[in-house]
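Since the structure comes first, as structure tokens, the remarks are kept for the end.
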Amino acid sequence: MDQGPRLIRALITGATSGIGLASAQLLLRDGWQVTGLDRLEQPSALQAAEWIVCDLSDPTAVNAACDNLAAGPGFDALVISAGIAGVGDPGTVLQVNFFSARQILRRLMPQVRKSGSVTIVSSGAGWRWMERKRALLEMVGQADDAAALARAKGLAGSSAEAYNCSKELLCAYVANQCLEHWPRGVRLNSVSPG
């Protein structure tokens, strides 16, 4: 029995503004089924999207959202674009910008279909990642999130540096993980606007 064409699905974090919003609008226009994941309510521009409100600064909320997403059909693309500026608590900046992304990717990479694509939005602020490659890769590979977050806070120091460090960690994560998913044909890339 023909079930018709399979929907092409994407998950986009940070879908209420900036690159996340533009990505969601573009994919919806092109006929994709889009799920937005953001701490804010669904914007009127994305009424055609599925929506999950999730505070990425809360690892428990991120796990609950991942449980919900992992129970559904797979994804053809993940766009990890959520992020906050380097103001406020350095731990919150690191959690939202890097650790929530890593948590989502750890949980949902098995849901990405063969030949799928994962795009992680870093920033030009992460340009120094190669200079601190060894320390960053150790944090990226550390299984204990609390210990890795404590190390990252120590490396970052201030809120402004926490932003840069979070973006460096995203670049290091992609460098560390891209070949692991290549055998399934899943592409893992980062983009660094700015």
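The values are calculated or read from the model by the stated rules, or taken from the named source; none is laboratory data. Quick caveat: nothing in here was measured; it's all calculated off a predicted structure. Cβ sites come from the backbone with ideal geometry, for glycine too, and all protein chains shown count toward neighbours. Remember, those area values only see protein heavy atoms, side chains included, never the ligands or the DNA or RNA. Shrake-Rupley method; radii C 1.70, N 1.55, O 1.52, S 1.80 Å.
Descriptive notes on the structure:
- Residue match in region 125-147 (condition: in contact with a Phe, Trp or Tyr (Cβ under 9 Å, 6 or more places away or on another chain) and assigned to a loop (DSSP other than H, G, I, E, B)): no
- The set of residues in region 131-145 that are at pLDDT 85 or above, among the hydrophobic types (A, V, I, L, M, F, W, C) and out of contact with any Leu (no Cβ under 8 Å at 6 or more places or on another chain) contains only L137.
- The selection criterion, being closer than 25 Å to N189 by Cβ, of a type in the set (G, A, S), in contact with a strand residue (DSSP E or B) (Cβ under 8 Å, 6 or more places away or on another chain) and at pLDDT below 95, holds for A49.
- Taken together, the residues in region 148-194 that are at negative phi, modelled with pLDDT of 90 or more, not aliphatic (A, V, I, L, M) and not in a helix (DSSP H, G or I) amount to 5.
- Long-range neighbours under 7 Å by Cβ, at least six apart or interchain, first residue free of Cβ contacts under 8 Å to residues at least 40 places away in the same chain within region 52-67, second open to solvent by less than 10 Å² (accessible area, probe 1.4 Å) and in a loop (DSSP other than H, G, I, E, B): A61/C54; A65/C54
- Filter result (open to solvent by less than 60 Å² (accessible area, probe 1.4 Å) and more than 20 Å from A101 (Cβ to Cβ)) within region 46-60: L46
- Residue in region 160-169 that is exposed (fewer than 15 other Cβ atoms within 10 Å of the Cβ) and either farther than 23 Å from V62 by Cα or in contact with a Pro (Cβ under 9 Å, 6 or more places away or on another chain) (or both) present: no
- Region 63-87, residues that are open to solvent by less than 50 Å² (accessible area, probe 1.4 Å), touching a helix residue (DSSP H, G or I) at 6+ places or on another chain (Cβ under 6 Å), farther than 19 Å from C171 by Cβ and part of a loop (DSSP other than H, G, I, E, B): G74
- Candidates R102, R106, R128, R184, filtered to the one that is surrounded by fewer than 17 Cβ atoms within 10 Å (Cβ to Cβ) and under 20 Å from C54 (Cβ atoms): R106
- Pairs where the first residue, in region 135-148, is closer than 11 Å to L169 by Cβ and touching a residue at least 24 places away in the same chain (Cβ under 8 Å) and the second is in a helix (DSSP H, G or I) and hydroxyl-bearing (S, T, Y), C-beta under 7 Å, 6+ apart: V140/Y173
- Matching residues, region 114-134, being touching a residue at least 60 places away in the same chain (Cβ under 8 Å) and over 17 Å from the mean Cα position of the chain (by Cα): K114, S115, W127
- Listed by first and then second residue, the pairs with beta-carbon distance under 7 Å, at least 6 apart or on different chains, first residue in region 166-194 and within 16 Å of K133 (Cα to Cα), second open to solvent by 20 Å² or more (accessible area, probe 1.4 Å) and basic (K, R), are E168/R128; E168/R132; A172/K133.
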